[in-house]
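Chemist: Okay, handing you the structure first.
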Amino acid sequence: MSEQIRVNDMVVRFANVNGTGSSSANEVFSKAVFRMGIPVAPKNIFPSNIQGLPTWYEVRISGKGYLGRRKGIDVMVGINPESMKKDIAAVRPGGYFIYDNTKQLHDDMVRKDIHMVGIPMMQLSIENYQAPRLQQLFKNIIYIGALSVLIDLDLDVVKSIISEQFEKKPKLIPPNHKALDLGANWVRQNLVYPFNVRLKHSNLTDDKIMIDGNAATGLGAVYGGATVLSWYPITPSTSVAKSFEAFAKKYRKDPETGKNNFAIIQAEDELAAFGMAMGANWNGARGFTATSGAGISLMNEFIGLAYFAEVPMVLVDVQRGGPSTGMPTRTQQSDILPCAYASHGDTKHIMLIPANPTECFEFMAEAFDLADQLQTVIFLMSDLDLGMNIHMTEAFSWDDSKKYNKGKVLNKQELEGLEDYGRFKDVDGDGIGYRVIPGTHPSKGAYLARGTSHDPYGRYTEDGEVHAGEINRLIRKFNTAKYLVPKPELYQETFQSDYGIIFYGTTTYAAMEVIDILKEEGGQIDAMRLKAFPFQDEVKEFIEAHKTVYVIEQNRDAQCRSLLILELGIDQSKMASILNYDGMPITADSILFQLRLQMEGFNGQLPSTNNHNNASVSHH
Amino acid sequence: MSFIKPIFRHPTQTKNKAGFYKSDYEGRISTLCAGCGHDSINASIVAACYEMNIEPHKVVKLSGIGCSSKAPAYYLNNSHGFNTVHGRMPSVATGANMANRELTYLGVSGDGDSASIGIGQFIHVNRRNLNMVYIMMNNGCYGLTKGQDSATADIGSLSKSGSRNEFSPIDMVSMALESGATFIARSFSGDKKQLVPLIKAAMSHPGFAFIDVISPCVTFNNNKGSTKAYDFIREHIEVTSEFDFVPIREEISVEYEEGTQKSVTLHDGSQIQLSKLYSDWDPSDRNSAMEKLQQSKANGDILTGLLYIDPGSQDLHSTLNTSTLPLNQLTEEDLCPGSATLEKINTEYR
Ligand SMILES: Cc1ncc(C[n+]2csc(CCOP(=O)(O)OP(=O)(O)O)c2C)c(N)n1
Ligand code: SF4
Ligand SMILES: [Mg+2]
């Protein structure tokens, strides 16, 4: 089993039981890799359950900076007896399976084509710690210590992270450090080390931070000036609310009075959650809600009201596996179509699609300006992978000269001079009328906001022509949005290929790896990332400039492909699809496999190499 | 259909202390059926706001969907309003109130809107003690969808077509008592003398003020055999107290017989003067109110008046400890932690 040495390129997977304290140990591992200057992408693969079921923590380490998942597990730390058989089988040939040999492994579990690395983790823990709960907890730390020697993870870095974590409970530092040493020393005395896959200090993580998308979204809301959050718990969006709450408590208390410059309400359901945030926006504050899955379905009636009564609103959708209750702890991009056209009647909505936590922060802060400017619902389309996993991402920045853009709002003086105010009159030709916030003027500007058809003055109407005029104006407004939402990102200065790929959100990591791999092979494909809906002219130009365009996305029905065809009037025969919908983040291998398979049918111009692992469409 | 009402001021009309004529509190011409109870309630709302000397633009009108929920178009033309969706007015009111604690929030709803599709939001807005007035125009039926029974219809009540309601009614006053409202009253659309001071007191109350107003639907539920018909109500009404509301800075001139008098001082100094008709009932005691309600229900009577009030009510803003300055008036300076703080936050994630 001699193999060439690979540095800073591996996938490590931890197989644990949830509720046993393993996740914090595993996070220390990722953070230490990051602190060594090596790009790292951890993924939590967890059950919809609180205690006792298998959970995995998969860490991709890539000196090339690839942050998507990849096929092939190099090192498996298998702590969970229940899933052990499957876990052993998942290791790539030549890889390593690390397990607790306090109890001997059954013979038929042993694989000859991988390294079986037994470490008496529980025994070490029992010998050194008294309470059973501590023995359980420190077992996790012991395997991190062992791993440090096995793959050259800098133990001093690990120790300093632990010291920081227990800054407020310094008593816990020495026993944790001891556990690390126990694991490390045992390996030094008993095993050959390091593995063929190993780490080396690098400098590729400067200016980067490690944060989950939901924390970033919550922080973006604080910076964007949100004051009212109403929400209902649902995985994977819950931590958006928790993040906003934590940051608001820290940075939004009035220093003099101790009072809150924010209000958070846990609503009775998602309908109420939407209604409250919308009511706050209507009354001139910045409100938002965050939800997932079924929550989006429940909000549909209100989404239509906000659209038609033209109330600013920010709605975070952390997409998860559907349909119905679906896979609450798995990821998908399957709310694209339902959100684009949410609610009955003719409706269209604005979506922002972040691809990393930095964009979660920036787009969320920006969403409030957009909502106020466009007086409609802004969807922030995140997903479970982005929201609940920690990602390496650009550090956040903020321009202190930035003023909140509240859009067209008339104050008392401005109303004073107006003879013929009409809430929905399109004075500027951009489809956007002027709002008046309740309480502004004693005799001017008041109107009854409503979901019934109304004329430009906001008065109830059943006049068909007036109604058509108003919903046509909403399309003018939607077109205006094209100039305000983030533009798509192009990955080449001039088009080089007959073929293009389009992707968005968390598919970006794997797609960028694909672009790189093709380049290394001497091939080229043009690429574009969507950041928002409505689609701008650039999107249409990109598609028109290519013979075939592959839309890569994580849902069954090729939702974004449909949306592109519908909204841009594209000939659908040139629009191909690359999909992934098993709930695990898409991999570069899977994209390449599907791409090559389809290219053959298109007389593919891409050089296809044989040595690259063929990926299957399923990823577990 | 909606008309602009010609502004007509009776020569004898006088300005209130806020400098407004009564007509300044009116709305568009009503499109409800002639004789509809809801229109009488609208008139009482206009009178109460005028008498309270409240500036019309400091009131926010809210409603759900139904004939009753159309009402905000027919009063307070100079107030902003939101005619929301069916059964969901409380959530919109909650958010609006969070944005600006300084305005007065006046919601109207129907028995369908509140007791069926909206019962979840109704109960939760009660328990949060949101500072608002919530008037339920209760006609025992769905007026706007042509007369189906509502959940407040009594067992045995006959619809216009003669069919009998077989399901137990939901008593929204008991519901409010159970779920934490701090001001609970019932009245009758035809009894302006009682309703106007109740609305005024409700507007002064710092918390959730619920008024169940029996409001006959002349088109679909005013027939013989209906328990929400004008005749039936007039025969079965039972009054808890003579009632007057004295806003702060107004002289207290009402006189009550010794022994039955009870006066409640609200947070702003206004007073509610009650002349209790029952010596065994205490309006500031939830249990006592509950008992009195049960008794009259058993007797087949409709108990009206102020049924319960918690003079020490703390509204949702107190619970959430929100800033005294309305949230919608805060600026970047109050809200954005800035780049230096962000740099610190960045280091926490390295
Ligand atoms: C979601 C939804 N379902 C049904 C309706 C149809 N609808 C309109 S008003 C109404 C009932 C109104 O009854 P109530 O609240 O008692 O008002 P009333 O007309 O009796 O004053 C219904 C069912 C609707 N507007 N929305
Ligand atoms: S149908 Fe009934 S509730 Fe509706 S307006 Fe007519 S009388 Fe009033
Ligand atoms: Mg009704």
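Bear in mind these aren't lab numbers, they're just calculated from the coordinates by the rules spelled out. Model, not experiment: these values are computed from the prediction. Glycine also receives a Cβ, built like all others from the backbone with ideal geometry; neighbour counts cover every protein chain displayed.
Chemist: Which length gain, in nm to one decimal place, applies between A:K547 and A:K103 when the Cα-Cα distance is subtracted from 0.36 nm times their residue separation?
Modeler: Stretched out fully, the A:K547 to A:K103 stretch lengthens by 153.8 nm.
Chemist: With unit charges on the beta carbons (Lys and Arg positive, Asp and Glu negative) and the dipole taken about the Cα centre of the stretch A:6-206, which residue among A:F138, A:V158, A:I73 sits farthest to the positive side?
Modeler: The Cα lying farthest towards the positive end belongs to A:I73.
Chemist: Among B:C67, B:C49, B:C33, which comes first, then next, by fewest other beta-carbon atoms within 10 Å?
Modeler: B:C33, B:C67, B:C49
Chemist: Using amide H atoms built in the peptide plane, which far-off residues or other-chain residues are under 5 Å from A:R6 H to H?
Modeler: Under 5 Å from the amide H of A:R6 lie the amide H atoms of A:V197, A:R198, each far enough along the sequence or on another chain.
Chemist: Further question: Please turn the phi angles of the stretch A:393-406 into ³J(HN,Hα) values with the Karplus equation 6.51 cos²θ - 1.76 cosθ + 1.60 (θ = phi - 60°), one per residue in order, whole Hz, x for glycine and proline.
Modeler: 8, 4, 4, 6, 9, 9, 8, 5, 7, 5, 9, 5, 9, 8
Chemist: Right, another one. I need the calculated FRET efficiency for the pair B:A298 and A:K406, taking r as the beta carbon distance and R₀ as 51 Å, to the nearest 0.05.
Modeler: Taking R0 as 51 Å, the efficiency between B:A298 and A:K406 is 0.35.
Chemist: What number, in percent, do you get for the relative contact order of chain A if the mean sequence gap of Cα pairs under 8 Å and at least 6 apart is divided by its residue count?
Modeler: 12 percent
Chemist: Further question on the same structure: Cα-Cα over 31 Å: which of A:K64/A:K103; A:K178/A:K250; A:K71/A:K112?
Modeler: A:K64/A:K103; A:K178/A:K250
Chemist: At 0.36 nm per residue, minus the direct Cα-Cα distance, what do B:D334 and B:M290 gain on full extension? Give it in nm, one decimal, please. Kindly include the intermediate steps, with their values, before the conclusion.
Modeler: Values: separation 44, 0.36 × 44 = 15.84 nm, distance 4.54 nm.
Roughly 11.3 nm would be gained on extension.
Chemist: Separate question: Cross-link candidates for A:K531: which lysines have Cα within less than 17 Å, leaving aside residues fewer than 8 places away along the same chain?
Modeler: Correct list for A:K531: A:K348, A:K482, A:K487, A:K540.
Chemist: Taking 8 Å as the Cα distance limit and 6 or more residues as the minimum spacing, I'd like the relative contact order of chain B as a percentage.
Modeler: For chain B, the relative contact order is 15 percent.
Chemist: Please list, by residue number, everything in the stretch B:315-350 whose backbone N is under 19 Å from a paramagnetic label point 7 Å out along Cα→Cβ of A:S397.
Modeler: Inside the label zone: B:337-350.
Chemist: If r is the Cβ-Cβ distance from B:H236 to A:S24 and R0 is 60 Å, what FRET efficiency results, to the nearest 0.05?
Modeler: 0.35
Chemist: At a threshold of 8 angstrom on Cα-Cα distance, excluding pairs fewer than six apart, so keeping six or more, what relative contact order does the stretch A:274-349 reach in percent?
Modeler: Answer for the stretch A:274-349 is 29 percent.
Chemist: If you don't mind, there's one more thing I want to ask. Would you kindly state the longest site-free stretch of chain A, with sites defined as GluC sites (Glu not before Pro) in a DSSP loop (not H, G, I, E, B) surrounded by at most 14 other Cβ atoms within 10 Å?
Modeler: Details: sites that count: A:E3, A:E167, A:E256, A:E419, A:E462, A:E493.
In chain A, the maximal stretch lacking such sites is A:4-166.
Chemist: Need one number for the stretch A:428-467: average projected area of the convex hull over its C-alpha atoms, nm². Don't skip to the end; give the middle numbers.
Modeler: Numbers: hull surface 14.4 nm².
Computing the convex hull of the Cα atoms and averaging its projections yields 3.6 nm².
Chemist: To the nearest 0.05, what FRET efficiency results for A:D207 and A:Q4 with a Förster distance of 41 Å applied to their C-beta separation?
Modeler: Working: r = 32 Å, r/R0 = 0.78.
It comes out at approximately 0.80.
Chemist: Rounded to the nearest 20 debye, what is the charge dipole size of chain B about its Cα centre when +1 sits on each Lys and Arg Cβ and -1 on each Asp and Glu Cβ?
Modeler: Value, rounded to 20: 1100 debye.
Chemist: Quick one: check the C-alpha center-to-center distance for the stretch A:463-522 versus the stretch A:256-321, whole angstrom.
Modeler: 26 Å
Chemist: Here's another thing I want to ask about it. From the Cα gyration tensor of the stretch A:63-138, with a ≥ b ≥ c the square roots of its eigenvalues, which class applies: rounded if a/c is under 1.5, or else prolate if a/b is larger than b/c, or else oblate?
Modeler: It comes out oblate by the Cα gyration axes.
Chemist: Ok, one more. State, to one decimal in nm, how far the label point of B:E102 lies from the label point of A:K519, with both points 7 Å from Cα in the Cβ direction.
Modeler: 5.7 nm
Chemist: Relative to the first principal axis of the alpha-carbon coordinates of chain A, what is the inclination of helix A:173-190, with its axis defined by its Cα atoms, in degrees from 0 to 90 and to the nearest 10?
Modeler: Tilt relative to chain A: about 50 degrees.
Chemist: Can you give the charge dipole size of the protein assembly as shown about its Cα centre, rounded to the nearest 20 debye, using +1 on the beta carbon of Lys and Arg and -1 on the beta carbon of Asp and Glu?
Modeler: With Lys and Arg at +1 and Asp and Glu at -1, about 980 debye.
Chemist: Shape call for the stretch A:408-486 from the C-alpha gyration tensor, a ≥ b ≥ c root eigenvalues: rounded (a/c under 1.5), prolate (a/b greater than b/c) or oblate? Write out the running numbers ahead of the final one.
Modeler: Values: a/c = 2.16, a/b = 1.23, b/c = 1.75.
Oblate.
Chemist: Cut-off is 10 Å between beta-carbons; in what order do B:T12, A:T452, B:T265, B:T182 appear when sorted fewest neighbours first?
Modeler: Listed from fewest to most nearby Cβ atoms, that is B:T12, B:T265, A:T452, B:T182.
Chemist: Could you identify which residue out of B:V46, B:V218, B:V108 has the top mean-square fluctuation in a GNM of chain B using Cα springs shorter than 10 Å?
Modeler: Per the Cα network of chain B with a 10 Å cutoff, B:V218 tops the list.
Chemist: Going by Cα centres, the stretch A:142-201 and the stretch B:63-79 are how many Å apart?
Modeler: 68 Å
Chemist: Still on this structure, I have one more. On a 0 to 90° scale, report how tilted helix A:213-223 is relative to the longest principal axis of chain A, with both axes built from alpha carbons and the result rounded to the nearest 10.
Modeler: 40 degrees
Chemist: Can you find, among B:N321, A:S343, B:L293, the residue farthest towards the positive end of the dipole of the protein assembly as shown? Put +1 on the C-beta of Lys and Arg, -1 on that of Asp and Glu.
Modeler: B:N321
Chemist: Students often get this wrong, so check it: of A:K200/B:K344; A:K242/A:K477; A:K43/A:K159; A:K253/A:K408; A:K259/B:K22, which have C-alpha atoms separated by over 31 Å?
Modeler: A:K242/A:K477; A:K259/B:K22
Chemist: Under a no-solvent Debye model with one identical scatterer per Cα of chain A, what's log10 I(q)/I(0) at q = 0.07, 0.10 Å⁻¹?
Modeler: -0.49, -0.93
Chemist: Also: State, to one decimal in nm, how far the label point of A:E164 lies from the label point of A:Q492, with both points 7 Å from Cα in the Cβ direction.
Modeler: With each label placed 7 Å out from Cα toward Cβ, I get 4.0 nm.
Chemist: Another one. Is the shape of the stretch A:6-206 rounded, prolate or oblate, going by the alpha carbon gyration tensor and its root eigenvalues a ≥ b ≥ c, with a/c under 1.5 for rounded and a/b larger than b/c for prolate?
Modeler: Numbers: a/c = 1.31, a/b = 1.02, b/c = 1.28.
Rounded.
Chemist: Based on DSSP, what percent of beta bridges with both residues in chain B are antiparallel, to the nearest 5?
Modeler: 40 percent
Chemist: So what are the ³J(HN,Hα) numbers for the stretch B:184-201, from phi and the Karplus equation (6.51, -1.76, 1.60; θ = phi - 60°), rounded to whole Hz, Gly and Pro as x?
Modeler: 9, 9, 9, 8, 10, 3, x, 10, 4, 4, 7, 5, 4, x, 5, 5, 4, 5
Chemist: What angle do you read, to the nearest 10 degrees and between 0 and 90, between the alpha-carbon axis of helix A:464-482 and the longest principal axis of chain A?
Modeler: Orientation of helix A:464-482: about 40 degrees from the principal axis.
Chemist: Tell me which lysines have Cα within less than 30 Å of B:K15's Cα, excluding those fewer than 8 residues away on the same chain?
Modeler: Partners within reach: A:K412, A:K444, B:K5, B:K58, B:K61, B:K70, B:K192, B:K193, B:K200.
Chemist: Another question about this same structure. Please rank A:W231, A:W186, A:W56, fewest neighbouring Cβ atoms within 10 Å first, as an exposure proxy.
Modeler: Least crowded to most crowded, the residues run A:W186, A:W56, A:W231.
Chemist: Can you find, among B:P206, B:T14, B:L335, the residue sitting farthest towards the positive end of the charge dipole of chain B, where Lys and Arg contribute +1 and Asp and Glu -1 at Cβ?
Modeler: B:T14
Chemist: Whose amide H sits under 5 Å from the amide H of B:Q148, counting only residues 5 or more places off or on another chain, with H placed in the peptide plane?
Modeler: Answer set, sorted by chain and number: B:Y142.
Chemist: Tell me which residues come under 5 Å, amide H to amide H, from A:M351 once H is placed; ignore anything under 5 positions away on its chain.
Modeler: A:F379, A:F533
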